[in-house]
1. Based only on Cα atoms, what Rg/Rh ratio does the stretch 331-430 have, Rh being taken as Kirkwood's radius?
2. Determine, for each peptide in 511-520, 131-140, 703-712, the mean count of other beta carbons within 10 angstrom over its residues, then list the peptides with the highest first.
3. Highest mean first, how do 618-627, 156-165 rank when packing is the count of other Cβ atoms within 10 Å averaged over residues?
4. Taking every pair of Cα atoms in the stretch 35-112, average 1/r, invert it to obtain the Kirkwood radius, and report Rg/Rh to two decimals.
5. I'd like the carbon and sulfur percentage of the solvent accessible area for the stretch 288-383, probe radius 1.4 Å, heavy atoms only, ligands and nucleic acids excluded.
6. Just check the stretch 633-683 against the gyration tensor rule for me: Cα atoms, a ≥ b ≥ c as the square roots of the eigenvalues, rounded for a/c under 1.5, and otherwise prolate or oblate depending on whether a/b exceeds b/c.
7. According to a simple spin-label model (label point 7 Å from Cα along Cα-to-Cβ), what is the distance in nm between TRP615 and LEU28?
8. Per 0.36 nm of contour for each residue apart, how much would the distance between LYS296 and SER178 grow if the chain were fully extended, relative to their Cα-Cα spacing?
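The values are calculated or read from the model by the stated rules, or taken from the named source; none is laboratory data. Since the model is a prediction, treat every value here as computed from it, not as a measurement. Cβ coordinates were reconstructed from backbone atoms using ideal geometry, including for glycine residues, and neighbour counts include every protein chain displayed. What goes into the accessible areas is simple: the full protein's heavy atoms, side chains included, and nothing from ligands, DNA or RNA. Shrake-Rupley method; radii C 1.70, N 1.55, O 1.52, S 1.80 Å.
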Amino acid sequence: MLRAEASTQRVTARTARDTWFDHLIIGLAFALLLSGFRSVIAGNDWWITTILVATLTGLACAILRAVGLRWVAPIAVVVELLALAWIFVPDTLIVILPTLDTFRELGSLASAAQVIIIEEQAPVAAAKPVVLVVASSFGLLVIVADVLLERRRAASGIGLLLLAVFATPALIAGDTPSVWLFVVVAALWLVILRSRTAVGGTLARRQRGPALVLGVAALAAAVTFPVISPDVSAVATSWGKPPPAVFGRGINPMLELGQNLRRNGTTTALTYTTGLPEAPYLKVATLRDFSGKTWKPGSTRQFSAPEGAEALMDPDIKVERESTTITIRQLRTTMLPVPYPMEDVSGLEGKWLRGFGLTMTSPDDDTRGQRYSVTSLDIQPTATQMRAIPPPSSRILVQHETDLPEKMPAIIEDTARRVTEDATNQYDQVIALQDYLRNDGAFAYSETAPVADGYDGNGIDVIAKFLEKKSGYCVHFSSAMAVMARTLGIPSRIAVGYAPGSVVGVRDGQNQYEATSDDLHAWTEIYFEGAGWISFEPTPGVGSATRFLEPGSPSSSTDDGEVSGTNRQSVREETNPVDSTAATSSDSSRTAPRTALITVAALVLLVGVPALLRWARRRWRFSRAGSSVEPLWRELEDSARDFGLPFSPTDTPRGFATRLGARDGIDHDALTRLLHRVERARFARTAIQEGDGSDDLRAILTSLSEGASRQERWRAIALPRSLAGRRAYAPSGPLQPVSTLG
């Protein structure tokens, strides 16, 4: 019987070691596979965060299995949820307990991640919502792997799981991870295959050889197949591949702008020469209708303010007509880039129609290979003339240009009124808004910070967050200025197109300019009755700030007081701004340091809580020793289980003492005295005994600990099996007494 029990203990110990070993191998495989996602997500913090969340979840599963608790998967999900809450939304917790706000905030981050995944091109910035999705996904994968390990055919399920994770980056970004990554992970899977076939008896050992041969053959075939097979492109085209056109037909150009600005690489969109005093902005779309969530193009079928020459009602405003010749290079779109306000276009091939905001679109053709000339107006009012312009007299004409949602974040209007409090006319109000965003408000240009902090877009909530964070790109600056102007009753809209390009040469006596994909831009247009729509530039470091010449300015008049040259004052700045936050993410997006601290704390809890509970139970039982010996005997049984002695529900006190006495180093005298005490208490209740048995139990526990290995002692403290309840042990033969127990 003792030999059978020893054999059973060895099998149990080996199974436990194999389970821990398999968890370690799977964790290593997931960590390696996670490196393949660098083609999907930029940066490093997300990798650290995901590894630690997955590690914490895996350790929870392994510890729960070792202790013997049931419902491992649900408990591990709870552990992962708490870890995610501590990392991403700690302010919503009450100490360590989640609240309804915790689930709302996590849901909000998940929704934001969905928007980023749909709209952004891989590799996306390591935004907090994206990191949350990746970390939670890998945590769940660890739990699924743990569940698969408990099944008979664990190796096949684990292999399919690892293969799916390996293929995911290729499906998203179209970039297949290194073949060496596949080889290493496949080799780890072969280790799991051997481990799974090594446990289970003679049949498993017979199957081990064929299984390994089959696995190695499959590995060799998988490594060879990519070399001889055609390339496989990404199938998740909504995330990972650029849009088919910069401004596609039927797509809101405002939504595409941010994605195209973050595209890798720079392409030359077009070149042009112009007779205008300085390089113009080239507009492709005019966005007028604001729903509170986004800007959309207006319609020519609706009432709107007059455009171009029709808007000029003051004969004293100086106007010149100039021509701009544009050659398309690497741009494919159904929206034609033109300077504003356009009067006429010549040289186009195909069918092109005049659209809202003096733009040009085609229902059937695109811009590829086009070379055309545009006649446009150069409107040159003075600052005095602009200040004299009253607010629009007809609200019907500018009704859509002043519409706002009923509910607005207070910061938008409060900021607009604070910034313009000293202005006494519409022109000075607009200049104050432009200067606040461009210079005075300490705003920074960044294409990555809004994505990382979860406020990318152009809705009112995004604008409010942008005014707080003070970091964004042209979409945020132009949207903020347009909406703030509307809160003051000033008609506004947004233009989308190309900022002024850079000089690349001289052609026919004129500077030749080049506009690239880096010059994609959005700016604000403000309506002045009698002068029409005037462009303003609120984005720092882009183009020129709009400001008309003041009276008495050295360049605004000749000796006889006549205005000469252009009346538009501008200080040309660097066209392509530097992303001041591109190198590093914002503080709120850096989850790795918080993750490390929380993971350490969670590991301490995982190890410390079971030990603390076990210590408290032992103290309670010793405190009850005076009234009954049963708590002491129950403590002895649990302590023996903690050190690996199997439990049988059919055990009598003497049968249990017999099996315990077979262990090395046990204090047999103390065990015999405690056994006699419990037998007399159960079968001869009137018997009177000296003492309560506490000293005997302490002596037995001391000898049990001293006879155990260091590993067994640590396991008994950190992973006490007795906390999981009593699991049955079926011995292979009848229990027999040992002579040392009299």
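1. 1.11
2. Packing order, densest peptide first, comes out as 131-140, 511-520, 703-712.
3. Packing proxy ranking, top to bottom: 156-165, 618-627.
4. Here Rg/Rh amounts to 1.03.
5. 43
6. Because a/c hits 1.5 or more and a/b fails to exceed b/c, the stretch 633-683 counts as oblate.
7. If labels sit at LEU28 and TRP615, their model points lie 3.4 nm apart.
8. 38.2 nm
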